Structure formats: C-alpha cells, structure tokens
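Have a look at the structure below before the remarks.
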Amino acid sequence: MDNQSYFYKFLEPISKELAYVARELENSIFTSPRTMLTHARVFVENILQQVILKEKLPDEPWTNLKERLDLLNEKGYLTAEVRDALHHVRQIGNKAAHDARMFRYSEALLSWESVYVIVKWYVEVYGPLDFTVPDYQDPTLRTERAYDITELEVRLKSLEELLIASVQKPNEEPVHQETAATIVASRPAEPEQPGFTTIRTLTYKGQTLDVPYFLRDAFLLPQRFEKSETFLIRLGAEQQARIMSELPNDLEGLHKHVKRFNEKNEENLFEELKNYIEEEKIRRKLLVERPGELFFFYKADHIVVTEELSGIPFTAEEFTGSPSLLRQLNEDQIKTVGQLPKELVILAKYENVGIGTVEKLFEQLKGKCFQTTLA
C-alpha cells in the first residue's frame, strides 16, 4: 500500500489511531489471514470501548470483548447487523488465535466485510453529522510490496498500543492536541515500505540506533566497517557479532569478549553501524524501485550492471594499475565484470589488495559505465 491508497484513510480526521490499525489489517489480509483475523478483534473492541465511554456506561480494564458486546446489545445500542458482525469478528478471531489450521483468504475477507459494518455504524452514530462513509471496497492484492508476517505483527502491536492509549477515560485529563500529535509521530504512522519497520533498537552510552526489519539477521561483513574490521573479525571468532541479531541491545561492554580491545572500539563500531544501516536503507529502496536489475555496491555508491559492462574482460588493457587483483580474480575463474560479487568490498580479502585498490576498481567500472552510455 502506498501512502494514499489504503481504504480506511477516511477515518484519519476522526481517529488516526483507528485508521492506522485498519491500514495494517488491510496489509495483512493476503499476507497472513491469521494475523488479520486475530488483530481485527482488538480493532473492534477498541471501537466498543469508545462507544461505552461516550455513552457513560461502566467499563473495567479486565472486561473482554464479549462482555462489552453483550453490555451494548442489552442496552439496545447495537442493531442486529452490527451485533452479528461483532460476533463474527470475535469468533473467527478467537479461532485464529488458538487453532493451528491454515486460515483462508476468504475468511479474512469475510472478517474485513464485518469490520466495515462495524466502522460504518460507529462513524454514522458517533462521528460528525456531515461525515459520509465511503462504500465498501475489497482490498487489493499487492504481493510486490507485501510485509513479512513477523514485521506485520510488530507494526500492529505498536499501533494497537497507541490505539489503546487513545481511549479517553472519564477521570483522565484530556490529551492536548500537540501531545497527541507527538505520540502519533513516534509510532509507525505513515506506511513505511515493507522491511523498514524498526525491529529492535541498539544503544550505546545514551545513544540509540534503530534497526529496520530487513536487517534483522543481516551478515555484518567486516570489510564494510573500515575502523572496526579487525574488531568484528575477532568478535566473529568468538561467535559474537557475526550477524545483526547477535549484537547485544546495549553495545557497552562488547569489547570484553575479546582481548586487546577497548571502549573506543565499541564507540567506532556504533558509529559505523549508523553509516551501515543508512547505506543499506538506500540499497534496499534502490532494489525495490528497480526490480530485476543487477547492481554493484561500494559503500554508499552503486553502479548498474548492464549487459555490455558485464561482458568486459578482466585484462591489463581494460583495468590498469591493479595487477595483483587481476591475477587473483583470474585464478578464481572470475574472468569478466559480470562475475564480480555485488558487494565489491569483499575483494579486499585478496592478498595485497586493500580498500584503496577496490575503490580504484570501482571508479574504473563507473568510467566504463559512462563510456558505454555515450556509445
């Protein structure tokens, strides 16, 4: 879903919290029907809580969805259609939460229709008098930008916390508009591209660094960290910091796993992790925007590998000034440009090949891209 196309965007003037949770429910229908069904319960229960507060009816924190539903039904606030829709969302959601069977898209779509009945009733009865609810629309299948199930769960739970916090209790002071806006801004309000949801936060001496979902288990290639390369190699030998998920949440004290390293190495690593994550975000967006294309990456820069560039041979005539690198590439049966790894810093692994040599090769490749473009 892009920033403008989710169905319940019309809810934003009434409740951004409801709108954002509904957006994630829509995202999950074709990605994980189970996720949609279980979290739809939280969505409709919050609507019932808000109705109970508006009608000044008794409501306790431990009251569950069925009890709230029964209370409103007994008091005559629910039409038969809304009552049945609420029961449907509740019952199928309970099954999805406890039953190990596979849930179908059709079940998620039926729940989605019931959610619409509930939202329409809520807005027409308790929303602005001049507000018109759009006609029902089926969600669109967009597999090219689907969220992973785990990422969806993270987004939904974060937004549901915001949704629950938005319910104004009778004895609480009203939340100031500026304060509410700040709270909303701290959550995944606008729909980020799949993979960009924060999955964890690293800290070091009061500083924080958000790790996006797509880097959750990323391999931390030591050559990507100029100041921390040896530190990461030594940590890797101790089965520490080989991948992102192996890093502790707090990097302070990480140097104690290896000898002859200190806090300065931790500080350098933390700073280089910031650069690494920003570079990876740029790469991720590039790959999403230009699917099916091959790229070579060097630090924050990249080049597109065309068919013509890919076929250029590694010879002294084509690439000057790096005889040792050319010899070792040929020994490894890397005869043409297209056989290079997409992450060029890996080439620094070769004997007598430093990062300066790799940078020189990258600049030569960029020059050849320019030449083929002119041709």
Report summary line: Scanning the stretch 240-297 for residues that are in contact with a Gly (Cβ under 7 Å, 6 or more places away or on another chain) and part of a helix (DSSP H, G or I) gives ARG284
Report task. Tell me, yes or no, whether the stretch 122-135 has at least one residue that is of a type in the set (A, V, I, L, M), farther than 25 Å from LYS56 by Cβ, out of contact with any helix residue (DSSP H, G or I) (no Cβ under 7 Å at 6 or more places or on another chain) and part of a loop (DSSP other than H, G, I, E, B). Result -> no
Query - LYS299 vs. criteria under 33 Å from the mean Cα position of the chain (by Cα) and assigned by TED's automatic domain parsing to the domain that holds TYR213 - result: no
Query raised in the report: With (1) assigned to a loop (DSSP other than H, G, I, E, B); (2) more than 20 Å from ASP99 (Cβ to Cβ) as the list, and THR31 as the residue in question, which single condition is left unmet?
Result: (2)
Requested in this report: All but one of (1) closer than 27 Å to PHE225 by Cβ; (2) free of Cβ contacts under 8 Å to residues at least 40 places away in the same chain; (3) exposed (fewer than 14 other Cβ atoms within 10 Å of the Cβ); (4) not hydroxyl-bearing (Ser, Thr, Tyr) hold for ALA316, so report the exception by its number.
Outcome: (1)
**Report entry** Answer residue from the stretch 54-73, given it is closer than 19 Å to VAL89 by Cα and acidic (Asp, Glu) and is surrounded by the fewest Cβ atoms within 10 Å (Cβ to Cβ) among those
**Finding:** GLU67
Query raised in the report: So PHE261 fits all but one of (1) surrounded by 14 or more Cβ atoms within 10 Å (Cβ to Cβ); (2) closer than 17 Å to GLN223 by Cβ; what number is the exception?
Result: (2)
Query raised in the report: Within the set of pairs 6+ apart or on separate chains, which have a first residue in the stretch 296-312 that is modelled with pLDDT under 85, a second that is of a type in the set (S, T, N, Q), and C-beta atoms under 7 Å apart?
Result: THR306/THR372; GLU308/THR372
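Pick out the one residue from GLU45, GLU55, GLU17, GLU12 that is charged (D, E, K, R), in the same structural domain as TYR105 (by TED's automatic domain parsing), in contact with a Phe, Trp or Tyr (Cβ under 9 Å, 6 or more places away or on another chain) and within 20 Å of TRP112 (Cα to Cα).
Criteria check complete, one pass: GLU12.
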Report summary line: Selection over the stretch 192-209 where residues are charged (D, E, K, R) and surrounded by 14 or more Cβ atoms within 10 Å (Cβ to Cβ) yields a count of 2
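Would you pick out the residues in the stretch 319-340 that are surrounded by 12 or more Cβ atoms within 10 Å (Cβ to Cβ) and either touching a residue at least 60 places away in the same chain (Cβ under 8 Å) or not in a helix (DSSP H, G or I) (or both)?
Hits for the stretch 319-340 are PHE319, SER322, ILE334, LYS335, THR336, LEU340.
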Query - Selected residue (criterion: farthest from the chain's Cα centre (by Cα)) from residues of the stretch 142-170 that are at pLDDT below 65 and either outside any helix (DSSP H, G or I) or under 18 Å from ASP59 (Cα atoms) (or both) - result: PRO170
Query raised in the report: Can you tell which of GLU173, GLU178 is assigned to a helix (DSSP H, G or I), at pLDDT below 80, of a type outside the set (Ser, Thr, Tyr) and farther than 17 Å from GLU24 by Cβ?
Result: GLU178
Report summary line: When the stretch 85-112 is checked residue by residue, the ones that are touching a residue at least 24 places away in the same chain (Cβ under 8 Å), surrounded by fewer than 13 Cβ atoms within 10 Å (Cβ to Cβ) and not in a loop (DSSP other than H, G, I, E, B) are ALA97
Query raised in the report: Going by the conditions given, is ALA80 within 33 Å of the chain's Cα centre (by Cα), aliphatic (A, V, I, L, M) and in the same structural domain as LEU11 (by TED's automatic domain parsing)?
Result: no
Query raised in the report: Which condition number does PRO139 fail, the rest of (1) buried (at least 17 other Cβ atoms within 10 Å of the Cβ); (2) part of a helix (DSSP H, G or I) being met?
Result: (2)
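The values are calculated or read from the model by the stated rules, or taken from the named source; none is laboratory data. Quick caveat: nothing in here was measured; it's all calculated off a predicted structure. Here the Cβ is made from the backbone with ideal geometry for all residues, glycine too, and neighbour counts use every protein chain on show.
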